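Trainee: For reference, the structure I am asking about is given below.
The values are calculated or read from the model by the stated rules, or taken from the named source; none is laboratory data. Nothing here was measured: the structure is a model prediction, and the numbers come from that model. Note: ideal-geometry Cβ built from the backbone for every residue, glycine included; neighbour counts use all protein chains shown. Heavy atoms of the whole protein, side chains included, go into the accessibility calculation; ligands, DNA and RNA do not. Shrake-Rupley method; radii C 1.70, N 1.55, O 1.52, S 1.80 Å.
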Amino acid sequence: MIVQKFGGTSVGSAGPIARLAEIVRAHRDRSPVVVVSAVGGVTNKLFALANQALAGSDTRAEFAALAAQHQTILKELGLPEATIARELGELERLVSGIGLIRELTPRTMDQLASFGERLSVRIVAAHLTQSGTPARAFEAHEVGLVTDGRFGGARPLPESEAAIRAALEGVRECPVITGYIGRDKQGNITTLGRGGSDYSAAIFGAALGAQEIQIWTDVDGVMSADPRIVPQARQVPMLSFAEAAELAFFGAKVLHPATMVPAIEKNIPIRVLNSFRPEHPGTGVVARLSEDQRALKSITSKDRIAVVSIVAAPMLNQYGFLERIADVFARHEIVVDMIATSEVSVALTTDASAKLEPVVEELSRFSEARVLRELAMISIVGEELQSSLRVPARVFARLEALKVRVEMISYGATRNNLCFLVPRERLREVVLELHRELFEA
Ligand code: ADP
Ligand code: ASP
Ligand code: MG
């Protein structure tokens, strides 16, 4: 069997949903399990609705627009409005509840955010059934996915694996499962973090021992750069798990960073495909590349990066210093991207800029800590970096020619990745120039 995940634009309106059904049908001999995201843009709208309700504003017009967006799709597909009546009713009550009590906990936010996927699975399953592929909508928890209780960034619990297998075993129809969401042991709805449907697909694929995890999106696979920054970006035919993980972690939105974790564990290949051009082979992501596939793959970037620089002269030459720093970041649940050290100082980067104040306060008890903001991180990814200095040499020659101030450099941890910081106002220009130098020459 295979898992097929369809992202927001692939379920964005009636046309794409009809195409989705054709894609599923074309693979029917491989028993697809379908995972879907919310209709494109809906999760953002749910976040906006939550904040509006919290602020005490009237949300009736926005709610009506959201309901109408889904009902238009149903109508265009010739499906009854009743398909999603229960979910819409529940959503409406939740929004007005937030407006009444004027409180929005992470738990309530996850519950609200879950409606995007809970609505879309109903529509997709109803359309599949109507068009000749008997299908059944499931919320992920109904088919075994149990997560921890970290709202907004939950992770599956180990018992999910057997539970998923057991739950789907007897299902004869094509399962259409919500991406992005799960439930904790207490039954609270959780989310896996923005863009988390890719991760959901990998979790189900790994649990079911799928032959392949297909990620259907709106581009021809992974590209040599974000096509919104570099219009002439090229399609990348093959990536290793390690390369894909680096790309995703360092900013390529096309895959959620955790997607590769279950795939690596069970060695299940991933394929990123274009639902608007299903005949295109897309990008394959596999455990090991052949020698001729070990090339330079892509440039990716993350905007709004902060550096925390920590100086502690008394710690000179003492062990345990790094551990103490790491402990502070861990307790505040801040993910660190990049680290550089010298004898008396350490610098760490993170995109969690907004959460740094208490961290700095705590670090200041045993060191001099300060934060540098307004930076962007650029990563150049590819296994070619393991074997040659051609790429770093060209990158730094270009940076010098552009007179760009480089804040921090990281190279060597996996040797699939060369990473550095530049002032954020120069991000676009540098990415375009390095793409030209490395991929267009
Ligand atoms: P989906 O809703 O299908 O999950 P996303 O918007 O999450 O789609 O991801 C696909 C988008 O990721 C593309 O439309 C593209 O704009 C963006 N993107 C950023 N970096 C890359 C890259 N290196 N390769 C391909 N797409 C990228
Ligand atoms: N709908 C969710 C989001 O917009 C999850 C996803 O699209 O993968 O973040
Ligand atoms: Mg996505």
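Trainee: Among the DSSP beta bridges whose two residues both lie in the chain, what percent are antiparallel, rounded to the nearest 5?
Mentor: Percentage antiparallel, nearest 5: 60.
Trainee: Quick one: pull the percentage of alpha-carbon pairs in segment 1-62 with a separation above 17 Å.
Mentor: Tail of P(r) above 17 Å: 52 percent of Cα pairs.
Trainee: Using Cα pairs closer than 8 Å and at least 6 residues apart in sequence, work out the relative contact order for the chain, in percent.
Mentor: 13 percent
Trainee: Under 5 Å between amide hydrogens, which residues at least 5 positions from residue 214 or on another chain qualify, with H placed 1.01 Å from N in the peptide plane?
Mentor: 3, 4, 5, 271
Trainee: Related question: Mind checking which of 72, 401, 263 is farthest towards the positive end of the chain's charge dipole, using Cβ charges of +1 (Lys, Arg) and -1 (Asp, Glu) about the Cα centre?
Mentor: After comparing all options, I get 72.
Trainee: Using a 1.4 angstrom probe with every protein chain in place, what is the largest-first accessible-area order of 364, 345?
Mentor: 364, 345
Trainee: Now for a separate question. Let me know the charge dipole size of segment 226-384 about its Cα centre in debye, to the nearest 20, where only the beta-carbon of Lys, Arg (+1) and Asp, Glu (-1) is charged.
Mentor: Dipole of segment 226-384, to the nearest 20 debye: 460 debye.
Trainee: Mind grabbing the accessible area of residue 249 for me, 1.4 Å probe, Å², rounded to tens?
Mentor: 70 Å²
Trainee: Which helices, counted as full DSSP H runs in the chain, have an axial Cα extent of no less than 20 Å and a Kyte-Doolittle average of 1.6 or above?
Mentor: none
Trainee: Protein chains only, probe 1.4 Å: how do 185, 403, 5 rank by accessible area, largest first?
Mentor: Greatest to least solvent exposure: 403, 185, 5.
Trainee: State the Cα centre-to-centre distance between segment 97-115 and segment 347-363 in whole Å.
Mentor: 27 Å
Trainee: So, one more: Using the Cα centre as the reference, give the magnitude of the dipole from point charges on the C-beta atoms of segment 198-247 (Lys, Arg: +1; Asp, Glu: -1; all else neutral), rounded to the nearest 20 debye.
Mentor: 60 debye
Trainee: Would you work out which of 418, 320, 51 lies farthest towards the positive end of the dipole of the chain? Charges go on Cβ: Lys and Arg +1, Asp and Glu -1.
Mentor: Selected residue: 51.
Trainee: If you don't mind, another one. Would you report the distance distribution of C-alpha pairs in segment 100-166 as whole percents per 5 angstrom bin, up to the bin with the largest distance?
Mentor: Taking every Cα pair in segment 100-166, the percentages come to 4, 15, 17, 19, 18, 14, 9, 4, 1, 0.
Trainee: So for the chain, taking the charge dipole from beta-carbon charges (+1 Lys/Arg, -1 Asp/Glu), which of 358, 14, 340 sits furthest toward the positive end?
Mentor: 14
Trainee: Now for a separate question. Could you put 437, 103 in order of accessible surface area, largest first, with the 1.4 Å probe and the full protein assembly present?
Mentor: Per-residue accessible area, sorted high to low, gives 103, 437.
Trainee: What is the magnitude of the charge dipole of the chain about its Cα centre, with +1 placed on the Cβ of each Lys and Arg, -1 on the Cβ of each Asp and Glu, and no other charges, expressed in debye to the nearest 20?
Mentor: 420 debye
Trainee: What order, most packed first, do the peptides 76-87, 105-116 have when packing is the mean number of other Cβ atoms within 10 Å of each residue?
Mentor: Output ranking for 76-87, 105-116: 105-116, 76-87.
Trainee: Computed from the mean reciprocal separation of all distinct C-alpha pairs, what Kirkwood hydrodynamic radius does segment 77-134 have, in Å?
Mentor: 12.8 Å
Trainee: Which aspartates and glutamates have a Cα less than 15 Å from the Cα of residue 302, not counting those fewer than 8 places away in the same chain?
Mentor: Output for residue 302: 226, 246, 337, 351, 374, 407, 425, 429.
Trainee: Just to be sure I understand the curve: with the Debye formula and one point per C-alpha of segment 217-282, what is log10 I(q)/I(0) at q = 0.28 Å⁻¹?
Mentor: For segment 217-282 at q = 0.28 Å⁻¹, log10 I(q)/I(0) is -1.36.
Trainee: While we're on this one: Once you've got the Cα coordinates, tell me which of 45/355; 5/45; 5/75; 5/355; 185/266 are over 30 Å apart.
Mentor: From 45/355; 5/45; 5/75; 5/355; 185/266, over 30 Å: 5/355.
Trainee: Give me the Kirkwood hydrodynamic radius of the chain in Å, from all C-alpha pairs, to one decimal place?
Mentor: So the Kirkwood estimate lands at 23.3 Å.
Trainee: Can you tell me which lysines have their Cα less than 18 Å from the Cα of residue 297? Leave out same-chain residues fewer than eight positions away.
Mentor: Here the lysines satisfying the reach criterion relative to residue 297 are 253.
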